[in-house]
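Q: So that we are looking at the same thing, I have put the structure below in structure tokens.
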Amino acid sequence: MKKIRKAVIPVAGLGTRFLPATKAIPKEMLTIIDRPTIQYIVEEVVASGIQEVILITSEGKSAIENHFDYNFELDTLLREKNKEQLRAELERTSGLIDVVSVRQKKPLGLGHAIWMARHVVGDEPFLVLLGDDLVRSETPCCRQMLDLYEQIGESIVAVQRVPMAQTGSYGIVEGEATEHERTCKISRMVEKPAPGVSDSDMAIIGRYLLMPDIFDILGTTTPGHGGEIQLTDALQALSKRRGMYAYEFQGRRYDAGDKLGYLKAIVDIALEHPSLGGPFREHIRTLCGHEACRL
Ligand code: G1P
């Protein structure tokens, strides 16, 4: 079984849902307390034992690469000012991953973005993480998937159950339970099904562990939902060619690409923050007693 060494993170999207905040900065650089959202995704990759990250970028996304790079001027300044703790934190951030970036020149869809990584990934299985999906869990979501991969040796998509009314916002999978805990063998996948097309509530969240065969399939996948080349359509073809599994991960997922999901992530992370958690909880308590509070 081939070892997984690489993670692909597509970050080429325009982030229109957060305009005007994202007019001049990438949406992946919006902060949660003192880190950009992309750092939470990268920290999950690193905590899962992977260090090689391939970013699929577009114009105007260089701030992301700079964030994980070493900044000589800042390092010198912090050293001179004796701000050792901050300097160490920046050094840790710049040492987190080795980044390779590939440009997606046209916004042709998620499937096309992943296909752009084919030369850098080569003939080995790899992970895909979508920057909008933040997962908080004891064992990192990608680690959970890697552990399952070591048992089954095939592609895996992470899923969670969603209310039926929301299935049209996700890739939906259908399948049969297996002897592995929380794991189904996939029989069918549909991208953002219209009501009545699928009676499954298992939604793909942005974590995939894929066999390299996906690249051949993506190369011939025609535009699907929304006129874009959909990863889900290629996965459906891959599941027919060889086995594919859906894994109900353990943890909490936030849709940080949506304003409410982003806000929930900020609040939950702040509540557990080592130094801010206490005073922030106090603040939330005062809100509940406030006359304007309709809780
Ligand atoms: C993408 C995928 C979809 C998946 C979702 C998870 O959709 O195409 O299958 O369920 O991410 O966040 P998007 O939300 O980018 O439209």
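Q: Select from the range 239-249 the residues that are surrounded by 23 or more Cβ atoms within 10 Å (Cβ to Cβ) and under 14 Å from R188 (Cβ atoms) and write down the one among them that is nearest to the ligand (Cβ to nearest atom).
A: Out of the qualifying residues, it is A246.
Q: Also, quick follow-up: Being buried (at least 16 other Cβ atoms within 10 Å of the Cβ) and either closer than 22 Å to L108 by Cβ or β-branched (V, I, T) (or both) is the requirement here; does T167 meet it?
A: yes
Q: With respect to E52, determine if the residue is in contact with a helix residue (DSSP H, G or I) (Cβ under 8 Å, 6 or more places away or on another chain), closer than 14 Å to L127 by Cα and charged (D, E, K, R).
A: The answer is no for E52.
Q: If you don't mind, there's one more thing I want to ask. Out of the range 103-154, which residues are among the acidic types (D, E) and either away from the ligand (no atom under 16 Å from the Cβ) or open to solvent by 20 Å² or more (accessible area, probe 1.4 Å) (or both)?
A: Correct list: D123, E124, D132, E138, D147, E150, E154.
Q: Separate question: Among the residues of the range 215-228, is any touching a strand residue (DSSP E or B) at 6+ places or on another chain (Cβ under 8 Å), of a type in the set (S, T, N, Q) and not in a strand (DSSP E or B)?
A: Looking through the range 215-228, none of the residues is touching a strand residue (DSSP E or B) at 6+ places or on another chain (Cβ under 8 Å), of a type in the set (S, T, N, Q) and not in a strand (DSSP E or B).
Q: Could we say that I214 is within 13 Å of the ligand (Cβ to nearest atom) and at negative phi here?
A: no
Q: Follow-up question, since we're still on this one. So P274 clears everything in (1) in a loop (DSSP other than H, G, I, E, B); (2) under 23 Å from the mean Cα position of the chain (by Cα) except one condition, right? Which one?
A: Among (1) in a loop (DSSP other than H, G, I, E, B); (2) under 23 Å from the mean Cα position of the chain (by Cα), P274 violates only (2).
The values are calculated or read from the model by the stated rules, or taken from the named source; none is laboratory data. As the structure is a prediction and not an experimental result, all values here were calculated from the model. Here the Cβ is made from the backbone with ideal geometry for all residues, glycine too, and neighbour counts use every protein chain on show. Calculation scope for accessible area: heavy atoms of the full protein, side chains included, ligands and nucleic acids excluded. Shrake-Rupley method; radii C 1.70, N 1.55, O 1.52, S 1.80 Å.
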